[in-house]
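The structure appears below as structure tokens.
Coordinate-derived values only; no laboratory data. Please read these numbers as outputs of a predicted model, since none were measured by experiment. Cβ placement follows ideal geometry from the backbone for every residue including glycine, while neighbour counts extend to all protein chains displayed.
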Amino acid sequence: MPAIGAKRVGVIGAGMVGVCAASWLQRDGHSVYLIEAGEPGWGASFGNAGCLNGSSVTPVSMPGVVRNVPRWLLDPLGPLSLRWSYLPAIAPWLVRFIRAGTPKKVRIQARALRPLVGPTLDALSLLVSAAGAEDLVHRLGHLYVYRSAESLAKDRLAWALRRENGVEIDEFDADELRQLEPVLSREYVRGLLVRENGHTSNPLGLVQRLLDQGGELIRARAHGFRLDGARLAAIQTESDWLTHTPPAMVAATLNMDPATIAKFPKDKPEILPA
């Protein structure tokens, strides 16, 4: 029987974020449906390393990151690619990105990130247990290795941010690394182990098992929304409006095209972006 105050809740996207949101909403007594145009778990949730990092408090924009841009742009396998015709449009965002990377601002961001990502594994464990997926989630820690003390020194601010926010870190020299991981190349002379982190050995498999706990799956693509006063009343798909009474709450993972994202009312608390 639905709980008192229960709502009909739509979750757009059946990836890792979507199925977890749906599972928690269903545990709270809501009636949940997921809208997914493709195969659940075959998007970003499939093509990733499956890391579950409560220690990920370092912002993307860090002091000095702009100095790496020329090298990244010249490297065909680098982490940055830019369509030069798009530069005028993206320039204001790039300026804000660079300004966000001051030592003071990254410390503020790290403090804000820790309570959000820190409980990741503990929060997930309840859903994993209910889905019978304990064999897919492992808390073995993450080992970061460096080829020189100088390369480690370049990351000193990132490691300081982790320590300042309660992340426990074990540091190893070359000999200790060999004892910890005998098969590791001797090129690596420094290592840092974050024991609290974990990973899933099968991201797609984990999504599929969690999906069984997350309500009804509707095969469709979300195109827009309809409001009832200050609340979201319906989600538009290519073939139908998914309407409910009382008006639906919508939890959106935002794994949709930008034109659809732009249709979200910007000041409505019913939208829960991920």
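Compared with the alpha-carbon gap, the fully stretched path from H138 to R195 is longer by 19.4 nm at 0.36 nm per residue. Can you match semi-axes √(5λ) of the Cα gyration tensor in Å to one of these, [x] 35, 22, 18; [y] 38, 25, 17; [z] 45, 27, 18, based on a calculation from the structure here? Here the calculated entry is [y].
Given axes a ≥ b ≥ c from the Cα gyration tensor, I'd like to know whether region 1-67 is rounded (a/c under 1.5), prolate (a/b larger than b/c) or oblate.
Because a/c hits 1.5 or more and a/b exceeds b/c, region 1-67 counts as prolate.
Is the shape of region 134-196 best called rounded, prolate or oblate, per the rule: a/c under 1.5 gives rounded, else a/b larger than b/c gives prolate, else oblate, with a ≥ b ≥ c the square roots of the Cα gyration tensor eigenvalues?
On the way: a/c = 2.31, a/b = 1.08, b/c = 2.14.
It is oblate, given that a/c is not under 1.5 and a/b is not larger than b/c.
Cross-link partners for K104 among the aspartates and glutamates, with Cα-Cα distance under 18 Å and sequence neighbours closer than 8 places in the same chain left out: D155, E164. Considering all different alpha carbon pairs of region 65-117, the Kirkwood hydrodynamic radius works out to 13.1 Å. The distance linking region 23-65 with region 81-121 is 18 Å (Cα centroid to Cα centroid, whole angstrom).
Applying the criteria of a DSSP loop state and at most 13 other Cβ atoms within 10 Å to the GluC sites (Glu not before Pro) of region 123-173 yields E168. Helical runs (DSSP H, four residues minimum) scored at -39500 (n - 2.57) apiece and divided by the length of the chain put the mean residue ellipticity at 222 nm at -9500 deg cm²/dmol. Look at L82, L157, L74 and count the other Cβ atoms within 10 Å of each Cβ; fewest to most, that gives L74, L82, L157.
Using 0.36 nm per residue of separation minus the Cα-Cα distance, give me the extension gain between K105 and N68 in nm, one decimal.
Details: separation 37, 0.36 × 37 = 13.32 nm, distance 1.95 nm.
Length difference between fully extended and current span is 11.4 nm.
For region 65-117, the dipole from Cβ point charges (+1 on Lys and Arg, -1 on Asp and Glu) about the Cα centre works out to 380 debye, to the nearest 20.
The label-point distance for S185 and V60, in a model that sets each label 7 Å from Cα toward Cβ, rounds to 2.8 nm. Relative contact order for region 134-196: 52 percent, from Cα pairs under 8 Å spaced at least 6 residues apart, divided by residue count.
Averaging the Cα positions of each part gives two centres, and for region 163-181 and region 202-229 these lie 39 Å apart. Computed from Cα atoms alone, the Kirkwood hydrodynamic radius reported for region 88-199 is 16.8 Å. Annotation for region 101-172: trypsin sites (Lys or Arg not before Pro) lying in DSSP loop with at most 14 further Cβ atoms inside 10 Å of their Cβ are R139, R147. When the Gaussian network model of the chain links Cα atoms closer than 10 Å, the mean-square fluctuations of A91, A37, A160 top out at A91. What's the FRET efficiency of E216 with L126 using the Cβ-Cβ distance as r and R₀ = 25 Å, to the nearest 0.05? The value I calculate is 0.75. Its relative contact order, with pairs defined as Cα atoms under 8 Å and 6+ residues apart, puts the chain at 28 percent.
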